[in-house]
1. Could you please find all residues in segment 143-159 being buried (at least 24 other Cβ atoms within 10 Å of the Cβ), in contact with a helix residue (DSSP H, G or I) (Cβ under 6 Å, 6 or more places away or on another chain) and under 15 Å from F126 (Cβ atoms)?
2. Here are some residues: A18, A72. Which one is surrounded by fewer than 21 Cβ atoms within 10 Å (Cβ to Cβ), within 19 Å of F242 (Cα to Cα) and within 13 Å of the ligand (Cβ to nearest atom)?
3. If I filter segment 46-54 for residues that are in a strand (DSSP E or B), under 18 Å from the mean Cα position of the chain (by Cα) and crowded, with 16+ Cβ neighbours inside 10 Å, do I get at least one hit?
4. Kindly evaluate T324 against the criterion of being surrounded by 14 or more Cβ atoms within 10 Å (Cβ to Cβ), within 16 Å of the ligand (Cβ to nearest atom) and either under 17 Å from E152 (Cβ atoms) or not assigned by TED's automatic domain parsing to the domain that holds G252 (or both).
5. Name the residue, out of D127, D167, D192, that is acidic (D, E), crowded, with 16+ Cβ neighbours inside 10 Å, within 29 Å of A350 (Cβ to Cβ) and not assigned by TED's automatic domain parsing to the domain that holds L77.
6. Quick one: which helices (runs of 4 or more DSSP H) sit completely within segment 275-383 and have at least 3 residues that are closer than 19 Å to R23 by Cα and of a type in the set (D, E, K, R)?
7. Would you mind finding the one in Q355, Q344 that is outside the structural domain of L61 (by TED's automatic domain parsing), under 26 Å from T39 (Cα atoms) and free of Cβ contacts under 8 Å to residues at least 60 places away in the same chain?
8. Tally the residues that are away from the ligand (no atom under 16 Å from the Cβ), among the hydrophobic types (A, V, I, L, M, F, W, C) and touching a helix residue (DSSP H, G or I) at 6+ places or on another chain (Cβ under 8 Å), restricting the search to segment 332-349.
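The values are calculated or read from the model by the stated rules, or taken from the named source; none is laboratory data. Treat the numbers as computed from the prediction; the structure is a model and nothing was measured. Here the Cβ positions follow ideal geometry from the backbone for every residue, glycine too, while neighbour counts run over all protein chains shown.
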Amino acid sequence: MPEGIVIIGGGFAGFWAAVAAKRVAGDRADVTLVSRTPTLEIRPRLYEANPETLGVDLRPLLERIDVAFEQAEAKSLDGGAVVLGDGRRLPFARLVLATGSVMPRPPVPGAELAHSIDTQAEAITFDERLAALAKKRAPHVIVIGAGFTGIELALELRDRMAAHGGDGEALQITLLDRANEVGPELGPGPRDQIEAAIREARVQLVLGVTVREIGSDGVRLASERIEADAVVLATGMRAAPFTEQVPGARDGLGRVVVDRDLRAPGMPVLFIAGDAAAADTGDGHLALQSCQHAMQLGRVAGENAARDLLGESTTPYVQQRYVTCLDLGRAGAVLTYGWDRQVQQTGAAAKAVKQRINRKLIYPPVDATREELLALSRVPVTE
Ligand SMILES: Cc1cc2nc3c(=O)[nH]c(=O)nc-3n(C[C@H](O)[C@H](O)[C@H](O)COP(=O)(O)OP(=O)(O)OC[C@H]3O[C@@H](n4cnc5c(N)ncnc54)[C@H](O)[C@@H]3O)c2cc1C
């Protein structure tokens, strides 16, 4: 096994960390990417139809730039090595931890019975359930969590039901949240557009309620039971369990608080990127668990791991501009700029931006040559 740079996690951050590390290291150090599967799951699209198509095989890209791929579960860190699921030790000189995030199931009885779209496999299972419901008259789907993911999913369901041959217009959709407003994490900026889209789509919005129990046939609230044919959780993400291997301070999402160069405090050979890192964006804000931030964090972490190994100076992480683009289904989308989320575009124009982000900008460039791919890992990336 090479003792060079090891990256754990083949998501948006880990992939770009591997490319950036290889660009800097060239022949001077081996780079190995370890991940459960060779597929980069396009998680931001998992609310859409055809989830089985929403993955990219990273192996041809990694081969093109001479990055080794190890399909394995990383179990723990032991000194200067990653311990893999089969007990093997993968030594490293520098490590990038990019194990992403997961949606923890809420501590509610029956939560394990609900669907989720957190991973491609879960999204496929939910899609199979939708296909089965297409045969039923006026089925009812409850989405728990009226944040970014829950809104996008709820507003897509009529068309997805129709795509399965069902009566999309007859579908009943309920979007539940314990918060008193929809999209609480998005602030007031885009709220009018979100509320209008929800009304037009005839999604029943139930706010300020706590789910007490989930069953395969509905949910129980404090004072009523709502029957449904499928319940989907969209209740938010936390740093993945492997992050617990790293000592040090955490933020409320379980992310490791890193320094400006994305180093884990007290562990100079370890860099952290993506949804596992609580990193200052350079303007006093913390990076979000988003692709936009994960890809840039990955590039900086990979570059810094290689520079540090080669005795070169490291570079601080900076996020150039913060953009949010929320899909509103048939109402188009809403695009905002800045941390206060000022609305820039709505409707079809914003939808075109959303599609460009989701179908192009976040995808690994599968047709790029070796040189193009390496060049795309340079920071800063402004788009
Ligand atoms: C439904 C949904 C909708 C979203 N919508 C948007 C959106 O519209 N816009 C946006 O910007 N972001 C969105 N996000 C968030 C975005 O997907 C994440 O911020 C992004 O995936 C983070 O990238 P990452 O590389 O840090 O982690 P991930 O993409 O989670 O990748 C982590 C990788 O590490 C692997 N891994 C984890 N632990 C181990 C281990 N112990 N051993 C081996 N491998 C391991 C995982 O299998 C995975 O391949 C959405 C997420 C979801 C779930």
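1. Passing the criteria: only V143.
2. Values: A18 fails: surrounded by fewer than 21 Cβ atoms within 10 Å (Cβ to Cβ).
Just one listed residue meets the conditions, A72.
3. Taking segment 46-54 and keeping what is in a strand (DSSP E or B), we get none.
There is no residue in segment 46-54 that is in a strand (DSSP E or B), under 18 Å from the mean Cα position of the chain (by Cα) and crowded, with 16+ Cβ neighbours inside 10 Å.
4. On the way: surrounded by 14 or more Cβ atoms within 10 Å (Cβ to Cβ): yes; within 16 Å of the ligand (Cβ to nearest atom): yes; either under 17 Å from E152 (Cβ atoms) or not assigned by TED's automatic domain parsing to the domain that holds G252 (or both): yes.
In short, yes.
5. Answer to the selection: D127.
6. Working: elements: 291-309, 347-356, 370-375.
Once the helices (runs of 4 or more DSSP H) in segment 275-383 are filtered for at least 3 residues that are closer than 19 Å to R23 by Cα and of a type in the set (D, E, K, R), what remains is 291-309, 370-375.
7. Numbers: Q344 fails: under 26 Å from T39 (Cα atoms).
Within the list Q355, Q344, the selection yields Q355.
8. 1
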